[in-house]
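The values are calculated or read from the model by the stated rules, or taken from the named source; none is laboratory data. If you're wondering where the values come from, they're calculated on a predicted model, not measured in any experiment. Cβ placement follows ideal geometry from the backbone for every residue including glycine, while neighbour counts extend to all protein chains displayed.
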Amino acid sequence: MTKQITKQKNSRWGMVIDLDSCYGCGACMVACSVENNVPPPAPNANARNGVTPLRVLEARSGQPWPDAGVAYFPVMCQQCGHHAPCVSVCPQLAVDVDPTTGVVSQIGERCLGCRYCMVACPYHARYFNWSDPQWPAGTEQALNPAVAPRMRGVVEKCTFCHGRYQTAQSKAAAAGSANVDPVDYMPACAEACPTSAIQFGDLADPTSSMAKAAAGADAFRLLTSLGTEPGVYYRTTRKWVREMAASNALTKGNQTHG
């Protein structure tokens, strides 16, 4: 007897990151790299030629003690939900927004390495693979079999751990459902965060804690003036942190407020 598969509903997977809980430990960056088979950086790697789908930026208030303050911003692909700049400039259709998940894709097999998407991304959340992936002897045995390593000459970015989504999708299909259970899908960064500062879920579900947190008075998104409607929200009760984010200082590389 065959199971009847339910019709798939559209989701809007997103994050709400509590900046008051994040203390910049970098566990999310390590988990992201391990989950997505990002090789160790080359000896000459820097912010321009390294690959890191997730960065943790440090922001300082610029005030003397006792008013000095520091905040940490985990910044990944913001998963733009409206007129994503990277989508419109890609000549290879290697970038698209999945209407069923709201996640911006990155198809390495189609990418020709023109890097137009990197220029177009206002969040600087894309990186170019300048070198062939290499791992220290023996460590290649620990690679994640659900994620294919990318070749030299293509762009990389956060995809909300698409390999994990596919695994959750397969589990749902085996149970006769086309809809992924949120319990079965969580990106590595959110799972690894020791303070649970990174929350992940379906923003399209108004009853979810995610949707309620994103609608809170202390929630905001980066570069809202662009109208890209990111799927990543941030929360903080600190006024200077909100002012810094609103001034676009983070994306301009100026991470000192004042």
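Restrict the check to the range 222-245 and report whether at least one residue is touching a His at 6+ places or on another chain (Cβ under 7 Å), surrounded by fewer than 19 Cβ atoms within 10 Å (Cβ to Cβ) and assigned to a helix (DSSP H, G or I).
Taking the range 222-245 first, the residues touching a His at 6+ places or on another chain (Cβ under 7 Å) are 227-229, 240, 243-244.
Subset that is surrounded by fewer than 19 Cβ atoms within 10 Å (Cβ to Cβ): 227, 229, 240, 243.
Pick out the ones that are also assigned to a helix (DSSP H, G or I) and you get 240, 243.
Yes - at least one qualifying residue is present in the range 222-245.
Which residues, counting only those in the range 140-160, are in contact with a Pro (Cβ under 9 Å, 6 or more places away or on another chain) and either among the hydroxyl-bearing types (Ser, Thr, Tyr) or under 15 Å from residue 108 (Cβ atoms) (or both)?
149, 150, 151, 152, 156, 157, 158, 159
Restricting attention to the range 241-249, does a residue exist that is more than 19 Å from the chain's Cα centre (by Cα), farther than 21 Å from residue 82 by Cβ, small (Gly, Ala, Ser) and modelled with pLDDT under 95? Break it down stepwise before answering.
Here is the first cut: in the range 241-249, the ones more than 19 Å from the chain's Cα centre (by Cα) are 241-244, 246-247, 249.
Now restrict to residues that are farther than 21 Å from residue 82 by Cβ: 241-244, 247, 249.
From what's left, small (Gly, Ala, Ser): 247, 249.
With modelled with pLDDT under 95 added as a condition, the list becomes 247, 249.
Yes - at least one qualifying residue is present in the range 241-249.
Just the residues that are over 17 Å from residue 156 (Cα atoms), modelled with pLDDT of 85 or more and exposed (fewer than 13 other Cβ atoms within 10 Å of the Cβ), please, taken from the range 27-57.
Scanning the range 27-57 gives no hits.
Those residues that are at pLDDT 95 or above and either closer than 20 Å to residue 232 by Cα or among the polar types (S, T, N, Q) (or both), I need them from the range 103-118; list them, please.
103, 104, 117, 118
Could you grab me the full set of residues in the range 133-176 that are surrounded by 13 or more Cβ atoms within 10 Å (Cβ to Cβ) and among the basic types (Lys, Arg)?
Within the range 133-176, 150, 157, 164, 171 qualify.
Only one residue in 87, 38 is assigned to a loop (DSSP other than H, G, I, E, B), hydrophobic (A, V, I, L, M, F, W, C), over 24 Å from residue 205 (Cβ atoms) and in contact with an Asp or Glu (Cβ under 8 Å, 6 or more places away or on another chain). Which one? Walk me through how you get there before you give the answer.
Numbers: 87 fails: assigned to a loop (DSSP other than H, G, I, E, B).
The unique qualifying residue is 38.
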